Amino acid sequence: MEKNLTTIQRIKQMLELDKVKFSFAETTTSGGVVVRTEGDFEIGKEVFVVGEDGTETPAPDGQHILPELGIVIETEGGVCTEISDIVEEEQSEVEVEASVSPEEQTAIITEVMNILEPRFEEMNRIHAEIMKRIDEMEAKMNDGQTASEEMKNQLEKLSKAPGDKSKTTIDEYKKQVKSTFEDKIQKLRSIKRK
């Protein structure tokens, strides 16, 4: 034995571990989990999940997609039980997507538009009717304001006229005008509800 070797190197040399080569396959699943097996991924071999700290635990039961290798493995009890190619699954997805031709897509879009167009027209008609009613209500409210202003002007004229003073004060008259105006608003609201 050589004298310059460290203790660990001497132990490895004594056990002849330096002659044993460990070969394993390691890859990442489509879910981002690192998996490892001794040698290559084959049926009957143990498959391990490698943690961030390097610890290995048996792979959980189920399918594991290995995109780097182009395969899907099935594990049970931490052992690989089935291997299949990813390419077959991708081809079937492409076939499903390509099953609708551009002419069929155009026909589908046309049919959907034929269904939706009458509904859009109905919505536009309802919108126009609502806008018409709003305009009518605004006009009636403006008429109510004009009438209350006219009454106010007449009251001011009467209060300046010579003769007996009216028993109604300006404040009382304003309350009457306000209540008249509120009555008209209530009528407009009842019309709106109908």
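Restricting region 111-155 to residues that are modelled with pLDDT of 80 or more and among the basic types (Lys, Arg) leaves a set whose member that is farthest from Gln186 (Cα to Cα) is Arg119.
Per-residue answers, yes or no, for (1) modelled with pLDDT of 85 or more; (2) surrounded by 10 or more Cβ atoms within 10 Å (Cβ to Cβ):
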{"site": "Val20", "(1), (2)": "no, no"}
{"site": "Val33", "(1), (2)": "yes, yes"}
{"site": "Thr37", "(1), (2)": "yes, yes"}
{"site": "Thr55", "(1), (2)": "yes, no"}
{"site": "Glu68", "(1), (2)": "yes, yes"}
{"site": "Glu90", "(1), (2)": "no, yes"}
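Only residues that are of a type in the set (A, V, I, L, M, F, W, C) and either over 15 Å from Ser84 (Cα atoms) or not assigned by TED's automatic domain parsing to the domain that holds Ile86 (or both) were counted across region 30-72, and they come to 8.
The values are calculated or read from the model by the stated rules, or taken from the named source; none is laboratory data. Bear in mind the structure is a predicted one, so any value in this text is a computation, not a measurement. All Cβ positions, glycine included, derive from the backbone under ideal geometry; neighbour counts span all protein chains shown.
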